Structures are given as C-alpha cells and as structure tokens.
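For reference, the structure is listed below as structure tokens.
Rule-based calculations on the coordinates, nothing more; no lab input. Everything numeric in this text was worked out from a predicted model, so none of it was measured. Glycine gets a Cβ as well: all are built from the backbone with ideal geometry, and neighbour counts include every protein chain shown.
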C-alpha cells in the first residue's frame with residue numbers, strides 16, 4: 001500500500017474560457033505536472049505532494065500570486081500529519097446545502 005506524502009499543495013480551478021491558460025501558468029510555475037488531478041462538475045483540482053514543508057512551500061509561494069484570479073477557488077498547503085498547521089491562501093468554494 002502506498003503512503004501519501006505528508007504535505008500537499010492543492011489548487012481548485014473553475015473551468016472557464018481561461019482554464020487552459022491558467023492550467024499552463026500553474027504547471028509553468030510548478031515546473032512539473034501535478035501528481036493528481038480530477039475534473040468534476042466544472043472544477044478541476046490539482047495536487048502536488050511533498051515530503052517536506054519547505055518543498056511544499058516553495059511551490060505554494062509562487063502560486064499565491066494567482067490567488068486573485070476569480071477562477072481559483074482554492075489554494076491550500078495541507079499538512080496531512082498535522083491538519084491544524086495547514087495554510088489556506090484562498091478558499092472561495094461555495095458549499096451547497
């Protein structure tokens with residue numbers, strides 16, 4: 001059984017006309033494809049996993065410049081070993097009740 005990396009950078013992007021441009025910008029900043037990506041109900045989430053906080057932060061920091069884009073619904077650096085130490089740069093998800 002494989003173990004998840006302890007740190008995860010997560011970006012949720014709304015699929016708009018600018019989606020491909022924004023996807024390319026994310027991958028350009030990351031310099032690598034995401035480890036996982038899911039397309040669901042008009043949103044695509046991207047995940048990059050890391051063994052150390054420093055590695056995750058070095059990716060999340062440049063992504064933070066994109067947080068003002070309305071297409072970005074979530075930008076988060078997750079600490080899977082200590083969830084209270086996770087950091088959310090942006091969370092504009094709309095929860096349906």
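Summary of values
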quantity	calculated
Relative contact order of region 9-97, defined on C-alpha pairs under 8 angstrom at six or more residues apart (%)	32
Order of 39, 18, 8 - criterion: other Cβ atoms within 10 Å of each residue's Cβ, fewest first	39, 18, 8
MRE, 222 nm, helices only [DSSP H, n ≥ 4, -39500 (n - 2.57), over the chain, to nearest 500]	-7500 deg cm²/dmol
For 22, 4, order by how many other beta-carbon atoms lie within 10 Å, fewest first	4, 22
Centroid-to-centroid separation of region 13-36 and region 42-97 [C-alpha atoms, Å]	13
Full-extension gain in nm, residue 55 to residue 3, via 0.36 nm per residue minus C-alpha separation	17.0 nm
Prolate/oblate/rounded call for region 1-59, Cα gyration tensor, a/c under 1.5 rounded	oblate
Difference of contour (0.36 nm per residue) and Cα-Cα distance, residue 94 to residue 38	18.4 nm
Alpha carbon convex hull of region 7-97, projected area averaged over orientations, nm²	6.1
